[in-house]
Structures are given as structure tokens and as C-alpha cells.
Amino acid sequence: MQVSRGEFGGERISRLLIAALALLVLSRLLSLGFYPLADMTESRYADIGRRMVERADWIVPWFTDSQPFWGKPVLSFWATAAGMKLFGINEWGARVPHFALGLWTGAIVWRQARAHSRRMAWHAAALLAGSAGFLIAAGAVMTDMALVLGTTLVMSGFWNCVGRGRTDAVARGALFGGLAIGLLAKGPIALVLCGVPLAGWALWRRQVRQAWRGVPWVWGCAIVGVLVVPWYLAAESRSPGFLHYFIVGEHWHRFLTPGWSGDLYGTAHSFPRGSIWVFAAVALAPWTVLLPWVGRARADKGGKGRLAGAELRYLLLWALWPCVFFTVSGNVLWTYALPGVPAAALWAAAWTSSAQRPARVEGILGTGLLALALAIPALVVAGRQSGQFDRSSKKSLVQAWAARASPDQPLMEVPRPSFSTSFYSNGRVQSLPDVTALRDLPAGKTVFVVLGAADFSRLPADLQAGLTTVAANPAYRLARWQGTR
């Protein structure tokens, strides 16, 4: 595959690769405001951010008007709320901060690889940005991208301090700043995801003494404590019970108790043990399919990569540990594999950038990125036209209510408000536990009701007759009720 090439610092890098990477980043950024927030994850966390803005409460995240959210620390909600303060309470405002966290992570990966070569840096950035899991998470309203940023800073900072012998404030600041970010994004799990591969590498390489002396652990951890502990104490003070639920429930039962029933905010996600490896393979797509073709561009099977054995082992531990750790967990999500993706991108880039036929390799990488960049708007258009987005969001129904209802005509949802209904109605939706309660409304009282399309067809005849459909999609219906007693 012949592609035009440009000169970058003495190395000729494919213009296709650079242009495709830029197009992919731009395509992802521009897509953020063109599809609704999905139930349950995105709209749930966006609604918590919305409440943070409206209440001006930057200590306690609120799940509902009366129930605090103890499931995660506050950093991701700060990011979401900050985006809404800047860009308004909408999809763009909620998602842009998480996109920015993804860009920051990509910049760290690029810089780590740049220490070896400019080609490796561009390959690593391409492999990271083009990984399906990372691409989705970079712009989704979730807590995971903040964790990935934190772990990436820790792991890169430690390697720069110990593996490369740097003693500058940037390397140390990355290590301990990343640790603070991880603890405020997800909590103690950040210590496990970083601490085990760091200790494992030091033992494997018999460099425990160097690992201790190369990093100012005492004052660094003291600074992390100053940055992190005050929020945890303030959250417990303002919302007693938070620490017990978060430490015991979220960090013990969630991972070790299949189908854990103590979740206050939904249900635990039960999958067969070992499912994390399948999730990781999907998160790394399409490279899990495309990279085998890169082998044809190697000069021979024994071609050397750009990394020494010590760094390769470090990346291997970093990449694999999240999957190893969550193998024994019955409650997992695909996002749990994400902390290892930056390391996988660096490891693969060391291989691809050492090929003797770089034009072929960069042609494969650039083509993959280009396909992804074009797929994003195509998927958005297809989702809007097919009504697929309406199956996971009530945005269109809330908009129909806002356009037709007068101020004294409330919006209700059966049996309780979904997160997207709450977000798009700015918290004005009310709960209607049983649709038969409509019969008890005063005569002439008009309300709008959101309920499942299948539920509507099973209503008694008098309720069906009293409900006039205002808007509908394949999954849900908005109906007007006017009491007649």
C-alpha cells in the first residue's frame, strides 16, 4: 500500500496516518452533541452533574433530590458539572470534559512513546485513539476515563522516575497527581490497579531498592493525602454512611459477590467469571483483527522492537493486570479493561514502529482510523433515522411535553422517572408508581404521562380511553390525561 509521506523529526511518517488520526479525533468531538444521553449510565451520571450545578453543591453528588450518591467519588461529577457550567446543561456540556480527559491520556501515551521515536509516538496515539473501548469512553459521561487518566499518569510517572532515572518535578508530579486523580475518580481500586504491577515489576526485575529510592514516596503520598482526604471526610460529614457503603459495598461486594443485591443505585452486573478477557478483546478492536496483518510487514520473525526487555515487561504487567484482577469477579463491565489499554497501545506501537516496511504498516493503521472516523457520523445518522436512540433515551418525549404542556401540566413517568427523563426535564418529572392513580386526579386536571408502549396496550379500557397519545417511539409513549370524574 503506497501512501504519501511527510518528514517528522528525521522520520518519514505517513500523511494518511496523521490525517486519519486528526479526522478521527475531530469526528468524535463533533459527534458529542448529536445523539441523546443514554439510560442508564450516561444520563444517570449527567443528571448527577446537573444537580451539582443547580444546587451549587460540590461536595455531595446527589442521585435524586433527596438521595445522595455514594457509588463513586466526586471527580468525574466535577468534570461533568464544569462542562455544563461552560456549555450549558446539554449533551455537549456533559460529554466534552470526558473527551478532554481522553485527549490528555492520549498526550501522555504520545509523550511516553516519543522518548523512543517519533514514529512510535504516532503509532501509539493511533492505536490508542482507534481502540473501540477507548474511543467510546472518550466522550461518554462515565467515571472511567478519569480513572484511565489517573492510572496512566501513575504508570508513566513511575517509569520515568525509576525506569529512566528522571528526578524532575514533572515525572514525580505525574505519579502522585495521577494517584490523587484515581482516588478521587474511583477510589481505592486505583491503588490496586497501579500498585500491583509496580510492585510486580520491581520484584520481577529485582529492583525493589531502586523503586523505593527513585521515588519520594513519603512526601509524595503526604501530598496525595492532602489533596484527597479532605473531600472524603467532608462527604462523610455531610452524608453519614458514605464511607462504609463505598469501601465495603463498592470495593468488596461488587467484585466478589455475584448478583450483589445491596446496590443502592441499580443492580450489579453479573457475568461468568473471566468475561473481562472477552471485554478486553472487544475494547481493543479493530486492532485485534487488523494487527495480525502487520506481521507481513516485518523483515523477519526475529526483528527487534524499540523497547528493552525491562520496559516491555513493565507494559505487559500494566496491560494485563486489570484483566487478571477482574478475572475472579462476577460483577464486571467492559469498561473495567480500559486502564490497561494505554499500555497495550504502547506495547503494540513498539512492535509496529519497528517494521522494515513502515508504509504498509502505517497504511493499515491509517485505513483503520479512517474507517472509524467515517463510521461515527454514519452510526449517528443511522441511530437517529432508525429511532434506535429513542429506545435508550426519553429526550424526544420530554421535548414533546415541553412544547405542548402549560406550566400547571406536570410530566409523570410510570413507575418512576428514568435518568434521561429527569435530565432533559431539569428534574421536573414526577413519579407515578401506578398508572391507575390517574383515576384519583381531580376532574379536569391535565398531566402528561410517559410509559412503555407495551404497558399502554395492557391498560384497562377506561384508562386507554382517557389517555391521548402525544408522541411515541418504538419503546415508549407520551400521553395526555385529563381527569373526568
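The values are calculated or read from the model by the stated rules, or taken from the named source; none is laboratory data. Quick caveat: nothing in here was measured; it's all calculated off a predicted structure. Quick reminder, even Gly has a Cβ in these numbers, built from the backbone with ideal geometry, and neighbours come from all protein chains shown. Note: areas computed on protein heavy atoms with side chains; ligands, DNA, RNA excluded. Shrake-Rupley method; radii C 1.70, N 1.55, O 1.52, S 1.80 Å.
Annotations for the structure displayed:
- Region 8-48: Cα Rg divided by the 2.2 N^0.38 Å rule of thumb: 1.89
- Each eigenvalue of the Cα gyration tensor of region 16-131, multiplied by 5 and square-rooted, gives one semi-axis; in descending order these are 33, 16, 11 Å.
- Volume in Å³ per residue [convex hull over Cα atoms, computed for region 30-97]: 78 Å³
- Stretched out straight at 0.36 nm per residue, the stretch from Arg404 to Ala454 would grow longer than its current Cα-Cα span by 15.6 nm.
- Accessible area per residue in Å² at 1.4 Å probe, computed on region 345-437: 46 Å²
- Helical runs (DSSP H, four residues minimum) scored at -39500 (n - 2.57) apiece and divided by the length of the chain put the mean residue ellipticity at 222 nm at -17500 deg cm²/dmol.
- In this structure, Arg12 and Leu374 have a Cβ-Cβ separation that, at R0 = 35 Å, corresponds to a calculated FRET efficiency of about 0.85.
- Per residue accessible area of region 71-225, 1.4 Å probe, in Å²: 35 Å²
- You can think of it this way: the chain between Asp168 and Arg111 has 19.0 nm of extra reach, that is 0.36 nm per residue less the Cα-Cα gap.
- Over region 392-485, Cα pairs under 8 Å with separation of 6+ residues give a relative contact order of 30 percent.
- Exceeding the 26 Å Cα-Cα cut-off - candidates Lys85/Lys186; Lys186/Lys395; Lys186/Lys394: Lys186/Lys395; Lys186/Lys394
- Pairwise Cα inverse-distance average, inverted: Kirkwood Rh of the chain (Å): 24.5 Å
- Residue-wise HN-Hα couplings along region 15-29, as the Karplus relation 6.51 cos²θ - 1.76 cosθ + 1.60 with θ = phi - 60° gives them from phi, are 5, 4, 4, 5, 5, 5, 5, 4, 5, 5, 4, 5, 4, 5, 4 Hz; Gly and Pro carry x.
- Accessible surface of region 116-208, 1.4 Å probe: 66 percent of it comes from carbon and sulfur atoms.
- Eligible aspartates and glutamates near Lys72 by straight Cα distance, threshold 18 Å, same-chain separation 8 or greater: Asp39, Glu42, Asp47, Asp57, Asp144, Glu236, Glu250, Asp263
- Computed over protein heavy atoms with a 1.4 angstrom probe, the accessible surface ordering of Trp159, Trp347, largest first, is Trp347, Trp159.
- Low-density loop positions, trypsin sites (Lys or Arg not before Pro), region 344-391 - DSSP coil, at most 12 other Cβ in 10 Å: none
- Residues whose placed amide H lies under 5 Å from that of Ala472, excluding near-sequence neighbours: Leu478
- Per residue Cα convex hull volume in Å³ - calculated over region 141-188: 57 Å³
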